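Below is one structure; the comments refer to it alone.
The values are calculated or read from the model by the stated rules, or taken from the named source; none is laboratory data. If you're wondering where the values come from, they're calculated on a predicted model, not measured in any experiment. Cβ sites come from the backbone with ideal geometry, for glycine too, and all protein chains shown count toward neighbours. Accessible surface areas use protein heavy atoms only, side chains included; no ligands, DNA or RNA. Shrake-Rupley method; radii C 1.70, N 1.55, O 1.52, S 1.80 Å.
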Amino acid sequence: MTASVYGPVDVVCLGESMVTFLPTQAGRLADVPSFVRGIGGAESNVACALAAAGHRTRWVGRVGADGFGDHLVAAIAAYGVDTSAVTRDPERPTGVYFRTATDRATDVHEVVYYRAGSAASAMSPHTVPSGAVRSGRVLHLSGITAALSPDCLALMRDLTARRDGGPLLSFDVNHRPGLWRDPSAADVLLALARGADIVFVGEDEAEEAWGVRGADAIRAALPQPSVVVVKRGAAGAVSFTRRPERLPALDGSGLDADNGSDVVADVPAPRVTVTAPVGAGDAFAAGFLSATLRGLTAKQRLRHGHLWAAATLTVPGDLAAPPAAGHADRLAALDDEAWGRLHLGPGWTGEDQEVRTP
């Protein structure tokens, strides 16, 4: 397919999406009697959240020629995401997974993937329509894709190779040790991150993968990206932005023109009454990218990331409607003292919002 087939969008997200089966009650997978079907995938989650906020988004992926593939494409398109570049594999199935209701950070959390040999694992520089991938102002990727197969890794290396022009490259490290068979996974992820313009990485996963502790050390390990966002869980997030208070050129040009010192923004997370802890990282990335596209400051971008994450934390599933832009803007504009008093609970994004400032 040629580039002319695909119209321009704000953000293209590339990666595997799967049908996910969510338990109807807490407990071990062996004891849960029934599950509810949903969708899951780091990159498609970002695409759906951004589309729900009014941004033009495209998801590029590969699914099987099966009913689960039909469901995935329809469900993602229902959020307003362009799925015209999704390809079908007549031989490989759509991936699925099951998980328990508990926090994936706890020892009792279980997740079982049926994704080996999936249609998405056949993504490569030759099977993905390049015109669709490079049609956005931003291209968002994650380290999960690189772990799926050698072909997927080749695709990720191609997409993160620094070149003039093209979209701004956003990369969420998303280190998933259980997916990797290659002992060089940490080095692979570090090299991919160094090829990006905006990098999202958790403080804990940087220490686990690279043995690097603390936000400053993480930035030192990633000097190439123009923006590095270090997520610190409930403690908040820190961003390092090479260009003071503004985004590098959205066409990817001139990214190395200013090699001055970083502007550092450190924003605590608001207190949140958590309903389910899954999907918050994807929502944070989507909120940050939305604010980036709108030209907001580094501090505001972090606050929008926190607010979008809070929207997901206060619903049962992996995806939540983001807060309305005006509502989020008002909260993001609070002074530091008022921001520190925020307490967000279920329903806070709607008319019956629960936002307490004790």
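Structural remarks
- 5 angstrom amide H check on Trp348, placed H, neighbours 5+ away: Glu354
- For the chain, the relative contact order works out to 14 percent when only alpha carbon pairs closer than 8 Å and six or more residues apart are counted.
- Taking amide H as placed 1.01 Å from N in the peptide plane, Leu141 has its amide H under 5 Å from the amide H of Ser170, Phe171, Asp172, each at least 5 places away in sequence or on another chain.
- Mean Cα-pair separation over length for the stretch 83-161, i.e. relative contact order, pairs under 8 Å, 6 or more apart, %: 26
- Beta bridge orientation in the chain: antiparallel %, DSSP, nearest 5: 40
- Apportionment of accessible area to carbon and sulfur, the stretch 1-43, percent (1.4 Å): 57
- Trypsin sites (Lys or Arg not before Pro) restricted to the stretch 190-228 and DSSP loop, no more than 15 other C-beta within 10 Å: Arg213
- Sparsely packed loop sites in the stretch 60-164 (the trypsin sites (Lys or Arg not before Pro) outside DSSP H, G, I, E and B with at most 13 other Cβ atoms within 10 Å) comprise Arg104, Arg163.
- Residue among Gly178, Gly15, Gly236 with the largest mean-square fluctuation in a Gaussian network model of the chain, springs linking Cα atoms under 10 Å: Gly178
- Across the stretch 80-89, rounded Karplus estimates of 3J(HN,Hα) from the backbone phi angles (6.51 cos²θ - 1.76 cosθ + 1.60, θ = phi - 60°) give x, 7, 6, 10, 5, 9, 6, 9, 10, 10 Hz, Gly and Pro being marked x.
- Taking a ≥ b ≥ c as the square roots of the eigenvalues of the Cα gyration tensor, the chain is rounded, since a/c falls below 1.5.
- Given the chain, longest segment not containing exposed loop GluC sites (Glu not before Pro) (DSSP; at most 12 other Cβ within 10 Å): 92-350
- Choice from Val228, Val133, Val188 showing the highest fluctuation, given a GNM over the chain with Cα pairs closer than 10 Å: Val188
- In the full protein context, the stretch 68-161 carries 43 Å² of accessible surface per residue, based on a 1.4 Å probe and ignoring ligands, DNA and RNA.
- Whole-Hz ³J(HN,Hα) from phi, Karplus 6.51 cos²θ - 1.76 cosθ + 1.60, for the stretch 13-18, glycine and proline x: 10, 10, x, 7, 10, 10
- Area projected by the alpha carbon convex hull of the stretch 294-353, averaged over all directions, nm²: 4.2
- The chain: calculated mean residue ellipticity at 222 nm from DSSP helix runs of at least 4, using -39500 (n - 2.57): -8500 deg cm²/dmol
- Dipole magnitude of the stretch 132-217, debye to nearest 20 (Cβ charges: Lys/Arg +1, Asp/Glu -1, about Cα centre): 400
- Computed in the context of the full set of protein chains, the accessible area of the stretch 261-329 at 1.4 Å probe radius has 58% of its extent on carbon or sulfur.
- Solvent-accessible surface of the stretch 15-63, averaged per residue with a 1.4 angstrom probe and all protein chains in place: 34 square angstrom.
- Ordered by 1.4 Å accessible area with all protein chains kept, Tyr97, Tyr114 run largest first as Tyr114, Tyr97.
- Of all accessible heavy-atom area on the stretch 159-230, the percent that carbon and sulfur account for (1.4 Å): 48
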